[in-house]
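Taken together, the values in this text are just the output of simple stated rules run on the coordinates, not laboratory data. Please read these numbers as outputs of a predicted model, since none were measured by experiment. So basically every Cβ, Gly included, is an ideal-geometry build from the backbone, and we count neighbours across all protein chains shown.
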Amino acid sequence: PSKVFPRPPTMCASCPLLGPCFALSHIRNLNIIGDIGCYTLGAGHPWNALDTCISMGASLSMAHGMDKGRGESDEKKSIVAVIGDSTFLHMGMQGLLNMIYNRGNVTVLLLDNRSVGMTGGQENPGTGQDLHGLPAPRLDFAKLVEALGVRPERIRMVDPYQLPVMVKLVREETKMEEPSVIITNRPCSLTDRFEHLKPYTVIDDKCTGCGNCIDLGCPAISVARRETVTAKSGKSKELVFASIDSNACTGCHMCVETCAPDAIIQPQPTIKDRVIRIQPHA
Ligand code: SF4
Ligand code: SF4
């Protein structure tokens, strides 16, 4: 029988959950408890960002239990709970209340993508619309977690596409000796709330093969080619050069943040593009 090409489950291009998973995969000494949502895929390749996940809404209570029951081997590790907006409202916020009441110490990543992404983008009290698509009061997550007892200084809002900021914030908050909540603020890329921009491309001459953008896990980015070179130390090293599928890329800009040599750019329209665009109105 012929071999099946490996296609692990993955997130969507420009998914706002990619940034948090990328950040978690770059920070050491964390015990990370996931929950049920698209971000559960963060347990897999290339992020390996979750250590465990049991059932919907359980992440905060599990994290609190791990914090209270920690032994010598993980005394110096920080505990992180990862949960989405709708799961937090469904069953997660009770765990936060319990954690505050019992003086736990967990960093919560509250990934607000303004939808129930995994089941098709349904509305929830945090989206500003009801299930019929009509305007509805929109819950303020920052106010909610403050009301549950998190100190305002420990409630941090972040754009998950700003990867260096995301990594820095998680590093900072996991060092705190009290509960903190990091709330992301980009919509699911499959909903109408998401704004599609011009796709990016990789300039092959500038790509050094570092593979950083591929580690982001965006499915619009793929391996263009691999090369084995000999490093100064004499050891052989594999370079991984990237390319971006312009049909899948939504122009979110996230991968640009991973590329030191500025090899990822938004191409300027050519004269041919302009002529094609002008023609329908002529
Ligand atoms: S800009 Fe980069 S991260 Fe965003 S969709 Fe395009 S390839 Fe993916
Ligand atoms: S991050 Fe930049 S240099 Fe590194 S593989 Fe991607 S495009 Fe190439």
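Quick check on my link table: of 77/168; 77/175; 168/237; 143/168, which ones sit more than 20 Å apart, alpha carbon to alpha carbon?
Flagged as over cut-off: 168/237; 143/168.
Calculate I(q)/I(0) for the stretch 138-258 by the Debye formula, one identical point scatterer on each C-alpha and no solvent, and give its log10 at q = 0.12, 0.14, 0.15 Å⁻¹ to two decimals.
-0.64, -0.79, -0.85
Within a 10 angstrom radius of the beta carbon, how do 76, 237 rank from fewest other beta carbons to most?
By the 10 Å Cβ count, ascending, the order reads 76, 237.
Hey, any idea what Rg/Rh is for the stretch 18-184, computing Rh the Kirkwood way over Cα pairs? Write down the numbers at each step before the final one.
Numbers: Rg = 15.0 Å, Rh = 15.8 Å.
My calculation puts Rg/Rh at 0.95.
For 3, 68, 77, which order do you get if you count the other beta carbons within 10 Å of each Cβ and list the fewest first?
Details: 3 5, 68 13, 77 17.
The order, fewest Cβ neighbours first, is 3, 68, 77.
So which residue, out of 228, 258, 184, gets the largest mean-square fluctuation from a GNM of the chain using Cα contacts under 10 Å as springs?
228
Dipole size in debye (nearest 20) for the chain around its Cα centre, Lys and Arg Cβ +1, Asp and Glu Cβ -1?
600 debye
Rank 205, 215, 159 by mean-square fluctuation in a GNM of the chain with C-alpha springs under 10 angstrom and give only the top-ranked residue.
Evaluated over the chain, the most mobile residue of the options is 205.
Pop out the ³J(HN,Hα) list for the stretch 121-128 in order, Karplus 6.51 cos²θ - 1.76 cosθ + 1.60 with θ = phi - 60°, rounded to Hz; leave Gly and Pro as x.
So the Karplus estimates, Gly and Pro as x, are x, 5, 7, 8, x, x, 9, x Hz.
Can you give the Rg to Rh ratio for the stretch 201-277, taking only C-alpha atoms and Rh from Kirkwood? Intermediate values should be presented prior to the final figure.
Numbers: Rg = 14.6 Å, Rh = 13.7 Å.
Result: Rg/Rh = 1.07.
Evaluate the stretch 1-103: find the radius of gyration of its Cα atoms, find its Kirkwood radius, and give the ratio Rg to Rh.
With Rg and the Kirkwood Rh in hand, the quotient comes to 1.04.
Go ahead and set up a Gaussian network model of the chain, Cα springs under 10 Å, then flag whichever of 154, 225, 186 fluctuates most.
225
Hey, any idea what the orientation-averaged projected area of the convex hull of the chain's Cα atoms comes to, in nm²?
Directional mean of the projected Cα hull area for the chain stands at 21.1 nm².
Tell me, in nm to one decimal, what length is gained between residue 222 and residue 201 on full extension, where the rule is 0.36 nm per residue of separation less the Cα-Cα distance? Mind dumping the intermediate values first?
Numbers: separation 21, 0.36 × 21 = 7.56 nm, distance 1.14 nm.
Contour length minus Cα-Cα distance gives 6.4 nm.
Run the quick spin-label model on residue 246 and residue 132: label points 7 Å from Cα toward the beta carbon, then report their separation in nm to one decimal.
Going from the residue 246 label point to the residue 132 one covers 4.5 nm.
Short version: ³J(HN,Hα) in whole Hz for each residue of the stretch 85-97, in order, from phi by Karplus 6.51 cos²θ - 1.76 cosθ + 1.60 (θ = phi - 60°), x for Gly and Pro, what are they?
4, 6, 5, 4, 6, 5, 8, x, 5, 4, x, 5, 4
Step through the residues of the stretch 100-117 one at a time and calculate ³J(HN,Hα) from phi using the Karplus curve (6.51 cos²θ - 1.76 cosθ + 1.60, θ = phi - 60°), rounding each to whole Hz and writing x for Gly and Pro.
Couplings: 5, 4, 9, 6, x, 9, 9, 9, 9, 9, 9, 8, 8, 9, 6, 5, 8, x Hz.
Once you put a point 7 Å from the Cα of residue 232 and another 7 Å from the Cα of residue 102, both along the Cβ direction, what distance in nm separates them?
So the two model labels end up 5.2 nm from each other.
Would you mind checking which residues have amide H under 5 Å from residue 246's amide H? H placed 1.01 Å from N; only 5 or more apart, or other chain.
none
Consider a paramagnetic label point 7 Å from the Cα of residue 153 along Cα→Cβ; state which residues of the stretch 163-194 have an amide N under 15 Å from it.
Counting only backbone N, you get 172-181.
Full extension from residue 192 to residue 73: what is 0.36 nm times the residue separation minus their Cα-Cα distance, to one decimal in nm? Walk me through the intermediate numbers first.
On the way: separation 119, 0.36 × 119 = 42.84 nm, distance 4.61 nm.
Value of the extension gain: 38.2 nm.
I'd like the antiparallel share, as a percent to the nearest 5, of DSSP beta bridges with both residues in the chain.
Working: 13 of 33 bridges.
Counting DSSP beta bridges with both partners in the chain, the antiparallel share is about 40 percent.
Can you list the residues, at least 5 places off or on another chain, whose amide H is less than 5 Å from the amide H of residue 108, using H built in the peptide plane?
The answer is 81, 180, 181, 182.
How many nm is it between the label spots at residue 29 and residue 139, if each spot is 7 Å from the Cα in line with the beta carbon?
Between residue 29 and residue 139, the label points sit 3.4 nm apart.
Counting other beta carbons within 10 Å of each Cβ, put 80, 4, 202, 223 in order, fewest first.
Sorted ascending by nearby Cβ count, the order is 4, 223, 202, 80.
If amide H atoms are built 1.01 Å from N in the plane of the peptide, which residues on other chains or at least 5 residues away come under 5 Å of the amide H of residue 121?
116
Where the only charges are on Cβ atoms (+1 Lys, Arg; -1 Asp, Glu), what is the dipole of the stretch 201-277 about its Cα centre, to the nearest 20 debye?
160 debye
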